[in-house]
Amino acid sequence: MAEQPHWHSIAMLATIAWHIDGMVEADQEQLTTLQEARTKPYVLDNYTVNRVKQAFTTQREDFWVFDEQLRRWQVVKLTAEQHNEITRLEGQMAQLRQINSDVLALGEELSKGTLEKQLAKSDVELGLETLMRMANGEDPFRG
């Protein structure tokens, strides 16, 4: 049985904001890093890609806690500043969901070309793939 979250008073708004903003920033950095690997997925191993997919799946499953906390605050008496901050955080949560989805999709894409997948190919397969990329005007060393 899952433990119920501890719901916070509006006094914790700044703390929750810090957590949400931090997740957006960290997830964007992870997405940028993975996008750099898109052209050379063979630099990543199965463990790393699977760990990213696992971590971001777990994170996605916990989004509801932040959404519910923000929803609960919306029904209490708020100052204009608090209301504006909660509205901003709802936008941050939408952005976080998008980044999370992008990371998971990219993780799935990268999992098809990891180091282990490349090492499992025969020399003939690797040679044909390289020739096909060259024929299509692509970088032959992309992986």
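The values are calculated or read from the model by the stated rules, or taken from the named source; none is laboratory data. Bear in mind the structure is a predicted one, so any value in this text is a computation, not a measurement. We place every Cβ from the backbone using ideal geometry, glycine too, and count neighbours over all the protein chains shown. Side chains included, ligands, DNA and RNA excluded: accessible areas come from the protein's heavy atoms. Shrake-Rupley method; radii C 1.70, N 1.55, O 1.52, S 1.80 Å.
The stretch between GLU138 and GLN54, if pulled fully straight at 0.36 nm per residue, gains 27.1 nm over its current Cα-Cα span. What the Cα convex hull of the stretch 51-117 gives, in volume per residue, is 67 Å³. Between ARG97 and GLU109, the distance separating the two model label sites (each 7 Å from Cα on the Cα→Cβ line) works out to 2.2 nm.
Protein heavy-atom surface of the stretch 23-91, 1.4 angstrom probe: 53% of the accessible area is carbon and sulfur, with nucleic acids and ligands not counted. If you sort the three axes of the alpha carbon gyration tensor as a ≥ b ≥ c, you get a/c of 1.5 or more for the stretch 1-40 and a/b no higher than b/c, which makes it oblate.
P(r) tail for the stretch 15-61: Cα pairs beyond 18 Å make up 37% of the total. Just how far, in whole angstrom, is the stretch 51-102 from the stretch 1-30 if you go by their alpha carbon centroids? Here the answer is 7 Å between Cα centres. The residues neighbouring GLN92, those whose beta-carbon lies less than 14 Å from its own, together hold a net charge of -4 under the Lys/Arg +1, Asp/Glu -1 convention. Karplus-based coupling profile of the stretch 44-51, in residue order and whole Hz: 9, 9, 4, 4, 5, 5, 5, 5, with θ = phi - 60° in 6.51 cos²θ - 1.76 cosθ + 1.60 and x standing for Gly or Pro. For the stretch 1-97, the average shadow cast by the Cα convex hull is 7.6 nm², which is a quarter of the hull's surface.
Summed over the residues of the stretch 1-47 and divided among them, the accessible surface reaches 69 Å² per residue at a probe radius of 1.4 Å.
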